[in-house]
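A quick write-up on the structure given underneath.
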Amino acid sequence: MKSSMQFISTLFFLILLVVGPGVMKMVEGQPQMCETESINFTGFCSKWRTCKRVCMSEGFPDGKCNGDFFHSRCMCMKPCAM
C-alpha cells in the first residue's frame, strides 16, 4: 500500500513538471506577469481588443493574441503569484 502511494505521488509530481510550465508561463520582459490560454475565447484571435474583453470577463486584467497567422490564440495575462 505504501509503495503504491509513493508511485502515485511520484507520478503526479512528474506530470506537474511536464504539464505545469505550459499552462502558466512567465512573459518575457515582464517578470511579474504570467499568461494562460483563454477558456471562453472561440475562433481565430485577430483583434486584441476582443481577446482582452474576453479575458477581463474571465477575471484577468489583460489579454492579447499570441501565435503565428494560422495558430493565433487568445492569451490572458495576470500578475504571477510568487
Checklist entry - For the range 62-78, in order, what is each residue's ³J(HN,Hα) by Karplus, 6.51 cos²θ - 1.76 cosθ + 1.60 with θ = phi - 60°, in whole Hz (x at glycine and Pro)? => result 8, x, 8, 7, 9, x, 8, 4, 8, 10, 6, 10, 8, 10, 8, 10, 8
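Need the full-extension length gain, S57 to I39, defined as separation in residues times 0.36 nm minus the C-alpha distance. One decimal, nm.
Contour length minus the Cα-Cα distance gives 5.4 nm.
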Checklist entry - For C80, which sequence-distant residues (separation of 5 or more, or a different chain) have an amide H within less than 5 Å of its own amide H, given hydrogens modelled in the peptide plane? => result M33, C34
Next on the checklist: If amide hydrogens are placed 1.01 Å from N in the peptide plane, which non-local residues have theirs closer than 5 Å to the one on D62?
Outcome noted: M77
Checklist entry - Amide H neighbours of S72 under 5 Å, counting only residues 5+ apart in sequence or on other chains, H built in-plane at 1.01 Å? => result C45
Item to check | Summed side-chain charge close to W48 - residues other than W48 whose Cβ falls under 11 Å, Lys, Arg +1, Asp, Glu -1 | outcome: +4
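Only the coordinates and a few stated rules stand behind these numbers; no lab work does. Model, not experiment: these values are computed from the prediction. Every residue, glycine as well, gets a Cβ built from its backbone with ideal geometry; the counts of neighbours run over all protein chains shown.
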